[in-house]
Structure formats: structure tokens, C-alpha cells
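Shown next, in C-alpha cells, is the structure this report addresses.
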Amino acid sequence: MRGEAPRQANIMLAVTPDQLVPADHPIREIKAIVDGALAELSPLFETIYARIGRPSTPPEHLIKAQLLIALFSVRGMRAFCEQLRYNMLFKWFLDLNIDDEPFNASTFSKNQERLLSAEIAQALLQRVGEEAHRRQLLSTEHFTVDGTYLDAWASLKSVHPKDGSGPPRPPGKNPSVDYRGQRRKNETHASTTDPDARLAKRGDRDGTRLCLAGHVLMENRSGLVVDATIAPTAGAPEWAMALLMLERLPAGRKTVGGDSAYDNRGFVHGTRLIGVTPHVTQVKTTPWRHSAIDDRTTRHPGYQESLKKRKRVEEVFGWLKTVGGGRKLRYIGLAKNQLWMTLAVTAYNLVRMAHIQKQTLAT
């Protein structure tokens, strides 16, 4: 017998968003960590908001919203605000009631400069790291560094000579541009859409793209990110950015793993000056290049262990580019993309910590 399709009717329900989220959902563990970290940042929020005037959207909502965008691969802030109207899990994570209206997407852009000025994202990453340290998930001695190219929010059509020469831009919203045969270099050309982006390619078989460089410093015990930064691809070399992140760590003896791109005298000498032992993959010896490390480093068992742990940093970049939506950056400029990068790796750490907590309870 064919069943009847019931028609929806207006009814009153005594239900809260908390009752609709499964008790064993990993987002509950993530929310507990985030709420604790944001509570510690409350004095910092007080310094960036005026004491008088019309109340604004709480900064906790903006931070939580951007974490949800990364955790659930929401394509943008407008799409998030649309989902916030009917997604009960999102309302619960933001401590909203079922009938609360979502805030407007323009709230993000209006408050972005305020959040950047106080480095809220970096402070949140540190608080989450402190919670991981209390749970004995962080290693204070063994780390791994790596970098990758992230496609900028700009097209190759936007690359023009810096001196203003060259043919005029064709009319239209998306004109056809023939730049074949032109020699375009970062020294002479720049993107009019994102001046911080640089022309780069990974190898001879890879096409030229407009990119920014993402760098990550990971600890080796649980694979958590302790530092992350965005930089121009044609600026400081990859190993120089790694040294900058290592210098921000507390003093003490440490090891750092890396691929063969870090096997150069500049990085090896720089790490040893700050008390860090380089456990990088050795390059193949050629008449033009020799490894900067020798048997005094590679003979120790810890060197081989670092090489095994090093591969886990690829999981970070894989998550950022797929789930985190970073394969194509959504913002223009270093500052806004740095904000995204810091919040995205914070979301990755939260997922890792919730997963580890679930495994611990299962055993």
C-alpha cells in the first residue's frame, strides 16, 4: 500500500540545537576545546572593541564561523551564512537558538582588520597548542618543516609589466588575452589583482602559476602544527622561512626533519646556530651538488625516525588543500591569507586532537 506524504504544519517543539547533535559526534570535543581557548582570549577581545556604541556580532562567533568553514569545506562566507539559517549543528557550535537570525556575510569583512590587528588567529593557535601540551600530545624536541605552493586568487591574465608598457587591456569583463611569446618575469611583471602573488612553477613539467608559498612547522609526536606562515614564492627561500619559524620556538635542543630541498649549507648551518639538529633528506651527490650533512648526523637512529615522521607533514597540506579549501586561495594579499592559514591549521589541529581523544577512550 502506498503511504501518504505528510504535509508540514506549524507546531511548537521544546527542543534545542544541543539535543539534535549526536552525543558521540567529534564536533563536541572540538567545541569544548574552542570554547576554553576563546574564554582565555576574552581580555584580548576587550582591547579591540569600544566600550560604548551599538553591540556588534561577538568576535567568538566570527572565529567559530571561520573554523566551521574549514572543518566542513564551506565554499565561502556567504554560503556559510546561508547554511547558518537552517544548519542546526552550526547554530549549536555558535551557541545560537533555533530561531536566531544569522548575521550578514559583510560582518566578516567589516571585522577582518580588527581581528588582524590583534593577531587573534595566532593567539587561538597558541591556546589550542597549550591544551594539546596539557594532554601530553606535543613533542618539544622533534619537529618537521615543509612548504608548498598555493594558487593565488588571481589569473595569469592580470599579469602586466610594472612600467605600464605593453598592449592595452581589451574591453569586456573576461577578455581573451594572448601572452604567448612574451617573456614575463617577477622582476618586470606583477599581477594587478594580487600584487603579492608571484609567478612560479614546481618543475619543468609544471605550468607557470600565480602563487603564494605556505610554510608549516609540525611536531612529530601527534602530527600537530605549531606554526604556519604565508610568504611570496619569490621572496625568501623556503629554508629561510623554516629557520624563521624554528627561531620562534622556545630554546633547547631539538631536531628538525625536512625533504631534500632543505639539504643546503644555509639551512644546515642556520639550524645548528640555534641549537637544532637538521635531520633532512640527503640529496644525491653530483659534480655540482653535495649533501650538507654527513655520517655524524645520519648514523644515529633518530635520523631515520625523523625521516619516517617527516612524511606526516604531507597530510597537513593534503587536508588544507582539500577539506580546508586552500587549493585555490580565497583572499587577496598576504595578511588576509595569513589569517586563513592560521585558522585552517588550527582547525586541522582540532580534528587531530578529537581523533586522538576518541582513540584513547576506545582503548
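A compact table of results
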| read-out | value |
| --- | --- |
| Failed criterion for Val145 (all others in (1) surrounded by fewer than 18 Cβ atoms within 10 Å (Cβ to Cβ); (2) touching a Gly at 6+ places or on another chain (Cβ under 6 Å) hold) | (1) |
| Selection count, the range 269-295, where residues are part of a strand (DSSP E or B) and crowded, with 17+ Cβ neighbours inside 10 Å | 5 |
| Those helices (runs of 4 or more DSSP H) lying entirely in the range 24-79 with at least 2 residues at pLDDT 95 or above | 26-40, 59-71 |
| Matching residues, the range 82-109, being surrounded by 13 or more Cβ atoms within 10 Å (Cβ to Cβ), free of Cβ contacts under 8 Å to residues at least 40 places away in the same chain and assigned to a helix (DSSP H, G or I) | Glu82, Gln83, Leu84, Phe90 |
| Test result for Ser158, over 23 Å from the mean Cα position of the chain (by Cα), loosely packed, with under 12 Cβ neighbours inside 10 Å, among the polar types (S, T, N, Q) and more than 30 Å from Tyr49 (Cβ to Cβ) | no |
| Flag for Tyr348 being assigned to a helix (DSSP H, G or I), among the hydroxyl-bearing types (Ser, Thr, Tyr) and outside the structural domain of Lys254 (by TED's automatic domain parsing) | yes |
| Filter result (assigned to a loop (DSSP other than H, G, I, E, B) and touching a Phe, Trp or Tyr at 6+ places or on another chain (Cβ under 8 Å)) within the range 158-196 | Thr193, Asp194 |
| Residue within the range 318-338 that is of a type in the set (A, V, I, L, M), assigned by TED's automatic domain parsing to the domain that holds Gly223, over 30 Å from Ala118 (Cβ atoms) and part of a helix (DSSP H, G or I) present | no |
| Residue list for the range 214-244, restricted to those being among the β-branched types (Val, Ile, Thr) and closer than 18 Å to Gln122 by Cα | Val216, Val225, Val226, Thr229, Ile230 |
| Verdict on Leu199 being at pLDDT 80 or above, closer than 25 Å to Arg75 by Cβ and not in a loop (DSSP other than H, G, I, E, B) | no |
| Any hit, the range 204-216, residues being more than 23 Å from Trp319 (Cα to Cα) and among the aliphatic types (A, V, I, L, M) | no |
| Some residue of the range 296-309 being more than 16 Å from the chain's Cα centre (by Cα), surrounded by fewer than 12 Cβ atoms within 10 Å (Cβ to Cβ) and in a loop (DSSP other than H, G, I, E, B) | yes |
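The values are calculated or read from the model by the stated rules, or taken from the named source; none is laboratory data. Just so you know, these numbers come straight off a predicted model, no measurement behind them. Note: ideal-geometry Cβ built from the backbone for every residue, glycine included; neighbour counts use all protein chains shown.
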